[in-house]
Structures are given as C-alpha cells and as structure tokens.
1. So if each residue of separation counts as 0.36 nm, and I subtract the Cα-Cα distance between L219 and E180, what length gain in nm does that give?
2. Would you please state which residues of segment 210-233 a label at R11 would reach in this model, taking the label point 7 Å out along Cα→Cβ and a backbone N cut-off of under 16 Å?
3. Hey, got the Cα dimensions of segment 1-76 along the principal axes, in Å, largest first?
4. Using only the alpha carbons of segment 135-251, what is the convex hull's orientation-averaged projected area in square nanometres?
5. Given labels modelled 7 Å from the Cα in the Cβ direction, how far is it in nm from E19 to R103?
6. For I215, what accessible area in Å² do you get when you roll a 1.4 Å probe over the heavy atoms of the protein chains, rounding to the nearest 10?
7. Heavy-atom accessible area per residue, the chain, 1.4 Å probe: how many Å²?
8. When the chain is fully extended, how far beyond the present Cα-Cα distance does S168 get from E119, taking 0.36 nm per residue of separation?
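The values are calculated or read from the model by the stated rules, or taken from the named source; none is laboratory data. This structure is a prediction, so every number in the text was calculated from the model and none was measured. Every residue, glycine as well, gets a Cβ built from its backbone with ideal geometry; the counts of neighbours run over all protein chains shown. Remember, those area values only see protein heavy atoms, side chains included, never the ligands or the DNA or RNA. Shrake-Rupley method; radii C 1.70, N 1.55, O 1.52, S 1.80 Å.
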Amino acid sequence: MAENEKLDCLRKLQDVLQEKFTLEQQVETLPRELRKEEAVLRSMEKDFSDLRTLAEETADEVKSLRIRYDDATQLRTSYEKQMEFLSTQREYEALSKQLEDARANEETLLKQRNSKTKEADKLAKDVEAKQAEVEAQKAKVDEERAKVDSELSGINEKIAALDAQCLSIKGSSISNELYEKFSNIVRKKDGTGIVPVHGQVCMGCDRVLPMQFVIDLRLKQEKNEIDYCPYCSRILWYEPLDPETEKSYIFEQLESKGAGDSKAASSHDSQQDSDSYDESMGMDGGFEDF
Ligand SMILES: [Zn+2]
C-alpha cells in the first residue's frame, strides 16, 4: 500500500495536539486555587472595612460622650459653687434639685463614657487584628499569583512551541480547513481524531463499517485522500492485519451486534454489501459535522 502523506501528517499532528490540549486544560485549571484565595481576600477586605467604619463611629461617640460628661461636670461644679451664695430656703430647695439632677446626669454620662470607651478600645484592637489577617491573606494571594503567572507563562511558551510544531508538520500537505477540522475532532474526541480500521471495524467507535465504505477508504488512501467514520466522525485509515485477525474483526463485531449469520457470512462479498452501503450511512444520526 502506498504511503499516504496526509494520514502520516495527521497521526503526527495528533500527538502534538494531544499534548497541546492537555496544556490548555492546565491553563484553565491552574488559576482555580488563586481565584478561591482572591475571593477569600475580597470577603475579608469587606469585613475589615465594615469593622473599621464601626470602630470610627464608636470612637466619635466616645468623643461626644467625653464632651457631654465634661459639660455635666462643669454644670454640677457651678451649682455647688452657687450653693454657697444662697439666701432663701426656696432658692436652696430649687438649686438642690438642680444639683441632684446634674449629679445624676453626670454619673450616667460617666458610665456611658466608660462603657463606650471600653467598646471602642476593643474595636480598635479588633481592627488591628483584622488588618493583620487581611495583609497575611493579601501576601498569600500575591505569592500564589506570582506562582501561577510564572507557571502559566511557562505553559503558554510550550503551547506556542507546539503550535509552531503543528504548523511545521502540517506544511503544505494539510489544508488550513482540514487542520482546523482535525483539531476540533481531536479536541472533542478526547485526543483521538484519527483511528485505524481493522477489518471492517472503526477502532474509534467499534462500529462495523459497510464493506463498500472500507473498499473506497482503501482506494482513497492510495490516492492520498482521507475519509471520516460515518458514525463517530474520526478520520479513518485502513490498517492491514494478517488475514485471520482481520476476519475476526468482521465476524466478532457483526456477531456481537447481533447482525446475524447471513450478513456475517456475506460480509466478504463486497458487491453484495455495497447495496446496503448508502442506506446504512444515511441511517446513522450520530455523525457530527466538525
Ligand atoms: Zn467510528
């Protein structure tokens, strides 16, 4: 059988494309961990920002309570001073009442100021701790990003080299259109876009091909042409086996498909099988157009 240059190129291309697609998958999956850590960082930054706002508001309340407490202290002191200069019982009673209220108010404000100050101190510490956590997470993300970037650039360099290798294998023997189509098949068929035919069986999908199809395939192969499996869309090449092994591929497959003895027995008869050739091609709905 004459060498089919196209098939030879496609087989070589398949090896390189498989390697390339594996790397492309890595490009997809590699940054996953980084994306997770980035999401954690974003959530921590949001919490930190909320906490800082609360701490600032609480600190403002402390300031305001301090001023109000100082005012209350001043008021109480001034009432106490006025007590020394009273002349009537009535004035004394009125001022005593005011002083009592002022003292109560001062005491309440003192309690509020102390409690709010405690709260503010705790929040300030929480803010500090949270800030340290955010910075640690940020450092983690930066480190992970640097690692991913460097790995990605290494992988992308390899992909570019494989692309160049593909182009050089492709040369002028494979058209751009066939190259695109074949790449898609390899990608969609888990790395196997070109498979041998053993006997009458496609080694990609294990289905029995019509005898006339196989005869035509062999003729095409001689003429440096290619064809696709009508069932799984992979590119096919006929691989000659020793006659006994080859027969087993036809018979075993036909029997396992329950095609019956009559068809199996006649499968060596190309003329007879060719009658059903077009029909069986058309009957299969599984062909994908790449
Ligand atoms: Zn197939």
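1. 11.6 nm
2. Taking a point 7 Å out along Cα→Cβ of R11, the residues of segment 210-233 whose backbone N falls under 16 Å are 218, 221-227.
3. 115, 13, 7
4. Projected area, direction-averaged: 10.9 nm².
5. That separation, rounded to one decimal, is 9.4 nm.
6. 60 Å²
7. I get 61 Å² per residue for this part.
8. Contour length minus Cα-Cα distance gives 10.5 nm.
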